[in-house]
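Working notes for the structure below.
The values are calculated or read from the model by the stated rules, or taken from the named source; none is laboratory data. Only a predicted model underlies this, so the values are computations on that prediction, with no experimental measurement involved. Note that we place each Cβ from the backbone using ideal geometry, even for glycine, and neighbour counts take in every protein chain shown.
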Amino acid sequence: MGEKFLFDGPDDAPVTILLAHGAGAPMDSASMTATAKALADAGFRVARFEFGYMAARRTSEGRKPPPRAETLKPEYEAAVAALGATGPLIIGGKSMGGRVASMIADDLRSGGKIAGLLCLGYPFHPPAKPEQLRTKHLADLKTPTLICQGTRDEFGTREDVAGYTLSEAIEILWLEDGDHDLKPRKSISGFSAADHLKKMGETIAAWTGRLVR
């Protein structure tokens, strides 16, 4: 990985959030860019990075499929080291990016490297395959975690998630009628994507305030 980061928000922000992308879209997708801007507006320094397979799509002809999430753990750990945040650091990401971060969070936290974990649209199961759960490690997670999830996310709806065994360290912000990108259907929910992003930023700010005070 070339350790290329995209930064948003003030350099001297008290807390930095490191975000990885989801399986299919790059770090500068419309969804990731809107999220980073919302977090910057909430007072965070936001760093985005790309896993090697996604960065390769920018240069090579072949579109490599995403590898298994487990195999990306060393790349995420390398990004944390390369970022070298001096103050409190929250790691996470969108969908698969947040899932990879959740697999390394406890080790990093016990080493004093991170303060928390932020998952945006956690992929609890593949779409239309609710029996293929990706939650086993979430039952004993010790790192303070905030999951921002749309209530109609096809990777885990509010009804789905109610039945899972999740660690008490995990808090969930449910965004009404949000899809996997946390976007609501305005005509149905009465909310806009901008409303949800603002609420997400405010909730994350309040949550980190409790973590690092």
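A few notes on this one:
- Criterion applied to T33, T59 was being over 15 Å from the mean Cα position of the chain (by Cα) and among the polar types (S, T, N, Q), and the one residue passing it is T59.
- So A105, is it surrounded by fewer than 17 Cβ atoms within 10 Å (Cβ to Cβ), assigned to a helix (DSSP H, G or I), of a type outside the set (V, I, T) and out of contact with any helix residue (DSSP H, G or I) (no Cβ under 9 Å at 6 or more places or on another chain): no
- Candidate set: the stretch 151-185, residues that are under 16 Å from G98 (Cβ atoms) and of a type in the set (V, I, T); chosen: the one farthest from the chain's Cα centre (by Cα): V161
- Considering only residues in the stretch 186-197 that are surrounded by fewer than 17 Cβ atoms within 10 Å (Cβ to Cβ) and outside any helix (DSSP H, G or I), the one that is nearest to the chain's Cα centre (by Cα) turns out to be S192.
- Residue within the stretch 149-158 that is surrounded by fewer than 19 Cβ atoms within 10 Å (Cβ to Cβ), without any contact (Cβ under 8 Å) to a residue 24 or more places away in the chain and part of a helix (DSSP H, G or I) present: yes
- Scanning the stretch 50-94 for residues that are under 20 Å from I104 (Cα atoms) and part of a loop (DSSP other than H, G, I, E, B) returns E50, F51, P66, P67, R68, G84, A85, T86, G87, P88.
- Residues that are in a loop (DSSP other than H, G, I, E, B) and either at pLDDT 95 or above or of a type in the set (S, T, N, Q) (or both) occur at least once in the stretch 32-42.
- Condition check for K183: surrounded by fewer than 17 Cβ atoms within 10 Å (Cβ to Cβ), touching a helix residue (DSSP H, G or I) at 6+ places or on another chain (Cβ under 8 Å) and at pLDDT 95 or above: no
- Single condition D41 does not satisfy, out of (1) surrounded by 15 or more Cβ atoms within 10 Å (Cβ to Cβ); (2) over 18 Å from A79 (Cβ atoms); (3) without any contact (Cβ under 8 Å) to a residue 40 or more places away in the chain: (3)
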